[in-house]
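Chemist: Below you will find the structure I want to go over with you.
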Amino acid sequence: MATESTEYGQGYGYRGGPGSRGTDAGERRRRLPTALRAPVEARSWRELGYVMLSLPLGIIMFTFAVTMVSLGAGLLVTFLGIPVLAAGLAGCRGFGALERARARGLLGAEVAEPEPLRMKKRGAGAWMGAMLKSGTSWRHLLYTVIQFPWSVFSFVVAFAFWSYGWLMLTYPLWFWLFPMYGGQGGLQLYGDGTHSVYLDNPFEIAVTAVVGLLFTMATPWIVRALTTVDRLMVHGLLGPSRLATRVVELESDRGVVVDTAAADLRRIERDLHDGAQARLVALAMDLGLAKEKLTEDPQAAARMVDEAHGEVKTALQELRDLARGIHPAVLTDRGLDAALSAVASRCTVPVQVEVDLPARPAPAIEGIAYFTVSELLQNISKHSRATRATVDVWRVENRLMLQVTDNGMGGADVSAGSGLAGLAERLDAVDGILVVDSPVAGPTRVTAELPWRG
């Protein structure tokens, strides 16, 4: 695994020093509370539009799905039932594409396309067979069926709250319509054969407006709760299945692993070519010259042999460092505790290491944990301006936890496309997680989570 150094200014994605102005001027301005902004926010109106559109679309989808399934099931005694059912499922998949686009545009819900049909052969028969065998098609059919009753419920709730809220809130502006055109004092609150109650005096009108304000403020959150259910249905029934999502993740992780291995091989080749190999070539040349001078000038030959001896020591040290970078022997022989203690001893700041593990994890996980801590300590040593650091390693159920903290200047950001982002990708390749908490002016806390796989 590569141990590329990353700087706080470049590799870590440093955002500024302690005296920098990290907050936006717009964020410092006083703003209305969220509860007061919600009724007039664009997001609230988009969500309301989504709920209003759900009912007519739900009626169309439900009618189509029930008609096609009923017709297809009734015609199964003949051959015509199979193409009718396949056409119905294809139509439901088309409605699913429309619903994903609607959820993306109005709710901001990014739903990936489901897995396509897998046909071993070409032709109408293969297409119908693939359509009927596809679990995605049947999930789309289920969505068109259950979306209709939910759209009726959400439409009624949203429309009632929005209409009553705004009508009562604006009642002081239009209550005069009742005495002028309705022949009554105001909005009728109660009435029977003997007496009636109208909201017609200033106090009642004001109370009505206050109640309307409460309804208006609460309605966006009610609609948001309704659309949350829609988001869950769209993600769960119209998106890719868990198996397909997992396959895509594994393919992506495999690509990361291959790229990382290729980068490691290039690094090793470069270090050998530029370091130990160059020294060994120079050593061979020096020994050849010493051999020629051995009879003519023994003292010069002895000096050249002595210099060659020093070159051998340097080359051996470089080879040891290179081998340690590939996989240190202390990690194989004694485990993470001793290996991380050795890494900490080479850090330029004092590092306290605490390893509390009941057993050793899988060798691959152990190696990733070692190089993760090694790279983080290298960044602390070079770029954090810290005076102390700590490394904690422990196990929680079936997960290996790593935490590296320092009291440096902070400002580390994974999203800045830095070396931390590459480290996060490497951890993600083995179902790991990297979390960085690094406010400007510090301290920095980097937590890594890896599968145990003992």
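Chemist: Checking GLU269 against (1) exposed (fewer than 14 other Cβ atoms within 10 Å of the Cβ); (2) part of a helix (DSSP H, G or I); (3) modelled with pLDDT of 70 or more, which single condition isn't satisfied?
Modeler: It is condition (3) that GLU269 fails.
Chemist: Moving on. Which residues, counting only those in region 332-347, are within 21 Å of ARG453 (Cα to Cα), of a type in the set (A, V, I, L, M, F, W, C) and either touching a Phe, Trp or Tyr at 6+ places or on another chain (Cβ under 9 Å) or loosely packed, with under 13 Cβ neighbours inside 10 Å (or both)?
Modeler: Within region 332-347, LEU336, ALA339, LEU340 meet the criteria.
Chemist: Identify, from the list GLY408, GLY454, GLY422, the residue that is at pLDDT below 80 and not in a helix (DSSP H, G or I).
Modeler: Every option except GLY454 fails the conditions.
Chemist: Looking only at region 364-392, count how many residues are surrounded by fewer than 24 Cβ atoms within 10 Å (Cβ to Cβ), among the small types (Gly, Ala, Ser), under 16 Å from LEU340 (Cα atoms) and more than 26 Å from the chain's Cα centre (by Cα).
Modeler: Selection size over region 364-392: 1.
Chemist: Something else: Would you confirm, using the coordinates I've provided, whether ARG30 is open to solvent by 60 Å² or more (accessible area, probe 1.4 Å) and either within 32 Å of the chain's Cα centre (by Cα) or at pLDDT 90 or above (or both)?
Modeler: So ARG30 passes the test.
Chemist: With the condition kept exactly as written, say whether any residue in region 96-107 is more than 25 Å from TYR50 (Cβ to Cβ), buried (at least 16 other Cβ atoms within 10 Å of the Cβ) and acidic (Asp, Glu).
Modeler: Within region 96-107, none of the residues are more than 25 Å from TYR50 (Cβ to Cβ), buried (at least 16 other Cβ atoms within 10 Å of the Cβ) and acidic (Asp, Glu).
Chemist: Sticking with this structure for a sec: Against the condition closer than 15 Å to ALA448 by Cβ, in contact with a strand residue (DSSP E or B) (Cβ under 9 Å, 6 or more places away or on another chain), open to solvent by 20 Å² or more (accessible area, probe 1.4 Å) and at pLDDT 85 or above, how does ARG395 come out, does it pass?
Modeler: Considered against the rule, which asks whether it is closer than 15 Å to ALA448 by Cβ, in contact with a strand residue (DSSP E or B) (Cβ under 9 Å, 6 or more places away or on another chain), open to solvent by 20 Å² or more (accessible area, probe 1.4 Å) and at pLDDT 85 or above, ARG395 comes out as yes.
Chemist: Just need a number here: residues in region 110-152 that are aromatic (Phe, Trp, Tyr) and buried (at least 19 other Cβ atoms within 10 Å of the Cβ). Can you show your working first?
Modeler: Restricting attention to region 110-152, the residues satisfying the condition of being aromatic (Phe, Trp, Tyr) are 127, 138, 143, 148, 150.
Imposing the further condition that a residue be buried (at least 19 other Cβ atoms within 10 Å of the Cβ) reduces the set to 143, 148.
Count: 2.
Chemist: Being closer than 20 Å to ALA225 by Cβ and assigned to a loop (DSSP other than H, G, I, E, B), is that true of even one residue in region 81-102?
Modeler: No, the conditions are met nowhere in region 81-102.
Chemist: Okay, moving on. For GLY72, indicate whether it is open to solvent by less than 50 Å² (accessible area, probe 1.4 Å) and not aromatic (Phe, Trp, Tyr).
Modeler: It is true that GLY72 is open to solvent by less than 50 Å² (accessible area, probe 1.4 Å) and not aromatic (Phe, Trp, Tyr).
Chemist: While we're looking at this one, here's another question. Looking only at region 348-361, count how many residues are outside any strand (DSSP E or B) and open to solvent by 20 Å² or more (accessible area, probe 1.4 Å).
Modeler: So the answer is 6.
Chemist: A follow-up question, please. How many residues does region 433-454 contain that are open to solvent by less than 30 Å² (accessible area, probe 1.4 Å), in contact with a Lys or Arg (Cβ under 8 Å, 6 or more places away or on another chain) and either closer than 22 Å to VAL396 by Cα or charged (D, E, K, R) (or both)?
Modeler: Residues in region 433-454 being open to solvent by less than 30 Å² (accessible area, probe 1.4 Å), in contact with a Lys or Arg (Cβ under 8 Å, 6 or more places away or on another chain) and either closer than 22 Å to VAL396 by Cα or charged (D, E, K, R) (or both): 3 in total.
Chemist: Right, something else. Output the residues belonging to region 215-238 that are open to solvent by 30 Å² or more (accessible area, probe 1.4 Å) and under 20 Å from the mean Cα position of the chain (by Cα).
Modeler: Across region 215-238, the qualifying residues are THR228, ARG231, LEU232, HIS235, GLY236.
Chemist: Inspect all residues belonging to region 236-252 and state whether any of them is modelled with pLDDT of 85 or more, in a helix (DSSP H, G or I), out of contact with any Asp or Glu (no Cβ under 9 Å at 6 or more places or on another chain) and under 30 Å from ARG37 (Cα atoms).
Modeler: Scanning region 236-252, I find no residue that is modelled with pLDDT of 85 or more, in a helix (DSSP H, G or I), out of contact with any Asp or Glu (no Cβ under 9 Å at 6 or more places or on another chain) and under 30 Å from ARG37 (Cα atoms), so the answer is no.
The values are calculated or read from the model by the stated rules, or taken from the named source; none is laboratory data. Everything numeric in this text was worked out from a predicted model, so none of it was measured. With ideal geometry, Cβ positions are generated from the backbone for all residues, glycine too; neighbour counts draw on all protein chains shown. To get the accessible areas, we keep the full protein, side chains included, count just its heavy atoms, and leave off ligands, DNA and RNA. Shrake-Rupley method; radii C 1.70, N 1.55, O 1.52, S 1.80 Å.
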